[in-house]
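To start, the structure under review is shown below, and the notes come after it.
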Amino acid sequence: MMEIFQEAASGITNRYITDWVNSGKKIVGYTCSFMPPEIFHAAGILPYRIRGINTESMEIGDTYYGPYVCTFPKCLLQLAGEGKFNFLSGAVISTGCDAMRRLDECWRKTGEDYHGSIPGFFHYFDVPHKTDPHAMKWFENEIRKLILNVEKYYNVKIKEDSLRESISLYNHGRTLLWEVEKLRAHENPGVSGTDAFSIAVSGTVMPREAFNEQLEQLLADLPKQKSSSKKSGKQNKNGNKRIMVAGSINDDIELFRLIENAGSNVVADNICFGIRSEADQVNMEDDPISALTKHYLSNSVCPRMFGAYKQRFDLLQTKIERAGVEGIILQNIRFCDLHGSENGLFERDFEKLGIPCLRLEREYGPLTETGRMKMRIEAFLERMEVKQTDSGGKS
Amino acid sequence: MRPEVYEYNFDWMLWRTLEAASKVGDGFDKEFKQMLPYIPYFSGIVEPFINLGDPGSAFFKMISEYLKNIVTAHEQGKKIVMTTFCFSPTIFYAMDIVPVTLEALTVLASVMWKRGATEYMDFCVELGFTETSCSSQRGCLGAYLAGMGEEIDMLVINTAGICDTNANAFSFAKTFLDKPFYSLNYPASLNDPEVNQYHRDDFKALIKFLEEQTGKKLDHDRLGKVLDEVAKQEAIVGEMEELQRLVPSPLPVTYNFLIYGGRFFFAGMPEYTVILEKMATVVRKNATQGRSGISSGREKLRAFMFYIDHYALNLNLWNWFDKREINHIGSILSRSFKDDSPYIKGMEDVAYNIDSTNLDTMIDSIAMINSRMPMVRSIRGPYDRPNMWLEESLALAKMYKADCLIYNGTPGCRNTWSNIKLIARDLEKAGYPTHIMYGDAFDDRVESWEATAARLDEFINVRGLL
């Protein structure tokens, strides 16, 4: 059962994408977790989170982007230029961060040089950086503009009822993901961090109906756990350290595998592809557009929401307590200053609380730095071991 | 950070340096020349400024006063706000709040001190801030994070939606210093009715925040006076920038630095108006005589910096221009875009007006000014959209008869490094030889000024511009 999720998480396309395209239906890519995929689902279009996985070279990414730029958008551009996203009929570029929002121009210009590499529907989705009432209004307008443009380009009508149904379906998917989250947080994790992350990533590239169905089956097949979530301060039964991974965007399950193979369980994460929180539900009682506005803008899980550090610190702390996290790997892609500098604050504050942190700067893309990262992760786990031994088993 | 750097506060040292510099020109010429060998690292900026006559000397005095205000703010019962260069300080002066403008103070340290602000930049990294972040904030910010400046009371920015690395620096400082924070946030387009309404709402919320922090209501009369002063200043600047279109340009090359530096430091302060009037007198005289503002009186080439300038020790960039008889005809920082500026013709969409009739019109005016500040105006949306970076660069290059265009920034500028190759290609297609500088405007260690100058010379020579 896990194979379906692993396959979907490991490549640009998967069997569902192929079937979808073969049946003549449309797929629209999007770049940021602040974009509500429910809108496309309600239009009968498959929303697909654009990923940079399996990039093999960077000549196109480096041609259009300058040198001091994060490798994630460069990988997206590389794949776009190579025609790997030709199954998309549209793309939505969000203002996630400066480098990501410039994918708009870089992709358009690449499209001029590499014919056919740019989809017909190409939309710039502006997302505020704060949640004040006037910013909420601005975001709601952006959602309405997006809906209008989708309706116009695809000649569809996104009805309120359809939107409600899509919201309900996505909410159900989030509930199922939360069940996975509970399993991985268990004293004897019922699912590995790598598998849990594969499932979360799959949710962004599979049709939601199929994803929910597959996940329901998987959850039914997984062994049930007796006790509730593990409290901090206790060791895993398998002796592995309980790790949380946070920071820059990551959709590569190999990063999680690398961390777990070094002798740990990734029992929680806080990455924009990952699983958020129990409260991560769109309000069904509200008007759908208003509910989507509040949900997608208020979840200040990304440091692009300036000044909301405390909210994110509290979220991490909740995850740490719930999953009994013993150490945090704070990773960032080079030139990702938003996560990189926030990781500095997390390190300061969590180390003060006695939770060991490892700051790990890396490049996105094939894990070319595997050796260096493995060594640093192993050293970190050793450091945790020594600290625990020195404190008489209490970390 | 080296222990000795902790000996003196950053803002205090800057103030004392400028205080001394402002007095250098007060003596006889012989005294001035005798003094220069004793300030070898500093003479490269003191000499050209003093040689500018009244405007240069007055500018030193005014910056010195600005720094003194920071150092003595709390003694005077005033609040200090940490802010950014592209935020017009008008509202702060109207509310008697003292601004500490990070990038402006980093520039001062960079041009005056042998080591620039690099010790403080590195201190930010010691605290966990990324080394890849923009050096323009990191310089001054490091000093304040180290507690080597007057205590900051609040932070106010307007770069969310414009420049992540800038906004992120203040967001980091807000958490580190645990101080109140307000961020104006801008949509990607500039001039839609709904965007203008948003600008207005956001600015009203900012005023409320400032009132809460200071415990004082906004004084409408005072705001009106400050805005009227800004209007006077922009009229003088507009006249000078109109005369800059002449060939040869009558503006001395460092004048653009004085104009935008003055705007970032002193917009709305009457003393700045006096400096501008002195500058305008020189420019008018040169224009009447058909004389170039370049020291030699000759102009061989006109270069437009389509992003920012380079602030290596002793204002090397301006000296490089001056020695080669190249006129520096401005940068993204130079122009105000006020609606009655003569050069605004054809770019009315980016203009703002100043109307001090009542509170609503004043808030509209000040919100419009802030939304049209450098960067805020033109790099908020895709570079090739109407009113954005490409359109503005081409319009100004044409208007000011540029022979070539030069980009300079910092490696921390994620925003422009993400599309600089695209815009450079478009500018070349439009017929402008375009050079991309790879150094750091504030950190000489990234690429030494000598290497930067060699590449600039290479560009000029290879493209056959001189």
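The values are calculated or read from the model by the stated rules, or taken from the named source; none is laboratory data. Just so it is clear, the structure is predicted and the values come from calculations on it, not from any experiment. So basically every Cβ, Gly included, is an ideal-geometry build from the backbone, and we count neighbours across all protein chains shown. Please note that ligands, DNA and RNA were not included when accessible areas were found on the heavy atoms of the full protein model with its side chains. Shrake-Rupley method; radii C 1.70, N 1.55, O 1.52, S 1.80 Å.
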- Query: What helices does chain B have that are whole DSSP H segments, at least 30 Å long along their own axis by Cα, and with mean Kyte-Doolittle hydropathy of -1.0 or more?
  - Reply: B:220-243
- Item | Length-normalised contact order for chain A - Cα pairs under 8 Å, 6+ apart - percent | 18 percent
- Message: Keeping every protein chain present and rolling a 1.4 Å probe, give me the accessible area per residue for chain A in Å².
- Response: 36 Å²
- Task: Keeping all protein chains in place, calculate the accessible area per residue for segment B:221-462 (probe 1.4 angstrom), answer in Å².
- Result: 32 Å²
- Backbone N within segment B:382-426 under 14 Å of label point (7 Å from B:E458 Cα along the Cβ vector): none
- Where the accessible area of the protein assembly as shown is counted over protein heavy atoms with a 1.4 Å probe, how much of it, in %, is carbon and sulfur? 51 percent
- Message: If you average the C-alpha positions of segment B:436-455 and of segment B:330-387 separately, how far apart do those two centres end up, in angstrom?
- Response: 31 Å
- Item | On Cα atoms only, tilt of A:160-184 relative to the major axis of chain A in degrees | 20 degrees
- Task: Decide, for segment A:14-156, between rounded, prolate and oblate: order the square roots of the alpha carbon gyration tensor eigenvalues as a ≥ b ≥ c, take rounded if a/c falls under 1.5, and otherwise choose prolate if a/b is larger than b/c, else oblate.
- Result: oblate
- Minimum 40 Å² accessible area buried by the other protein chains, segment A:69-99 residues, probe 1.4 Å, relative to alone: A:D98
- Message: Greater than 20 Å separation of Cα atoms is the criterion. Which listed pairs, B:K23/B:K68; B:K300/B:K398; B:K300/B:K401; B:K225/B:K345; B:K68/B:K204, meet it?
- Response: B:K225/B:K345; B:K68/B:K204
- Task: Please get the size of the charge dipole for chain A, origin at its Cα centre, with Cβ charges of +1 on Lys and Arg and -1 on Asp and Glu, quoted in debye to the nearest 20.
- Result: 700 debye
- Over chain A, volume per residue of the alpha carbon convex hull, in Å³: 132 Å³
- Query: Say the dipole of segment B:408-466 comes from +1 at the beta carbon of Lys and Arg and -1 at that of Asp and Glu; which of B:S448, B:P433, B:I460 then lies farthest toward its positive end?
  - Reply: B:P433
- Could you tell me the largest-minus-smallest coordinate of the C-alpha atoms of the protein assembly as shown on each of the three principal axes, in descending order and whole angstroms? 91, 66, 57
- Task: With a 1.4 Å probe on protein heavy atoms only, work out how much accessible surface A and B bury together, total over both chains, in Å² to the nearest 100.
- Result: 4100 Å²
- Query: Roughly how many debye, to the nearest 20, is the charge dipole of segment B:292-336 about its Cα centre, given +1 on each Lys and Arg Cβ, -1 on each Asp and Glu Cβ, and no other charges?
  - Reply: 120 debye
- Item | Listed residues B:E391, A:E7 arranged by accessible area, highest first, probe 1.4 Å | B:E391, A:E7
- Message: Compute the angle between helix A:193-202 and the longest alpha-carbon principal axis of chain A, please, reported from 0 to 90 degrees and rounded to the nearest 10.
- Response: 10 degrees
- Query: What does the accessible area of A:Y30 come to, in Å² to the nearest 10, when a probe of 1.4 Å is used?
  - Reply: 20 Å²
- Note on the structure: Farthest towards the positive end of the dipole of the protein assembly as shown, among B:L177, A:I158, A:L176 and with Cβ unit charges of +1 on Lys and Arg and -1 on Asp and Glu, lies the Cα of A:L176
- Message: Quick check on chain B: helices-only [θ] at 222 nm, where DSSP H runs of length 4 and up contribute -39,500 (n - 2.57) each and the sum goes over total residues. Nearest 500, please.
- Response: -16000 deg cm²/dmol
- Query: Applying 1/(1 + (r/R0)^6) with R0 = 41 Å to the Cβ-Cβ distance of A:E160 and A:D19, what FRET efficiency is obtained, to the nearest 0.05?
  - Reply: 0.90
- Task: Find how many whole Å separate the alpha carbon centroid of segment A:83-158 from the alpha carbon centroid of segment B:180-231.
- Result: 30 Å
- Task: Pick out which of A:R108, A:R257, A:R372 has the largest mean-square fluctuation in a Gaussian network model of chain A, springs linking Cα atoms closer than 10 Å.
- Result: A:R372
- What is chain B by shape, rounded, prolate or oblate, if you read a ≥ b ≥ c off the alpha carbon gyration tensor as root eigenvalues and call it rounded for a/c under 1.5, prolate for a/b larger than b/c, and oblate otherwise? rounded
- With only Lys, Arg, Asp and Glu charged, each at its Cβ (+1 for the first two, -1 for the last two), find how big the charge dipole of the protein assembly as shown is about the Cα centre; round to the nearest 20 debye. 460 debye
- Calculated FRET value between A:S168 and B:A451, using beta carbons and R₀ = 60 Å, to 0.05: 0.50
- Note on the structure: In segment B:126-145, the residues losing 40 Å² or more of accessible area (1.4 Å probe, heavy atoms of protein chains only) relative to their chain alone are B:G128, B:T130, B:T132
- Message: Using protein chains only and a probe of 1.4 angstrom, how many square angstrom of A:S290 are accessible, to the nearest 10?
- Response: 20 Å²
- Taking 50 Å² as the minimum loss, tell me which residues in segment A:303-335 lose that much accessible area going from the chain by itself to the full protein complex (1.4 Å probe). A:F306, A:G307
- Sum -39500 (n - 2.57) across every DSSP H segment of at least 4 residues in chain A, then divide by the residue count to get the 222 nm mean residue ellipticity, nearest 500. -15500 deg cm²/dmol
- Degrees between helix A:288-298 axis and first principal axis of chain A (Cα, 0 to 90, nearest 10): 40 degrees
- Given the pairs A:K25/A:K157; A:K130/A:K294; A:K25/A:K84; A:K241/A:K319; A:K241/A:K387; A:K74/B:K429, which are separated by over 22 angstrom at their Cα positions? A:K74/B:K429
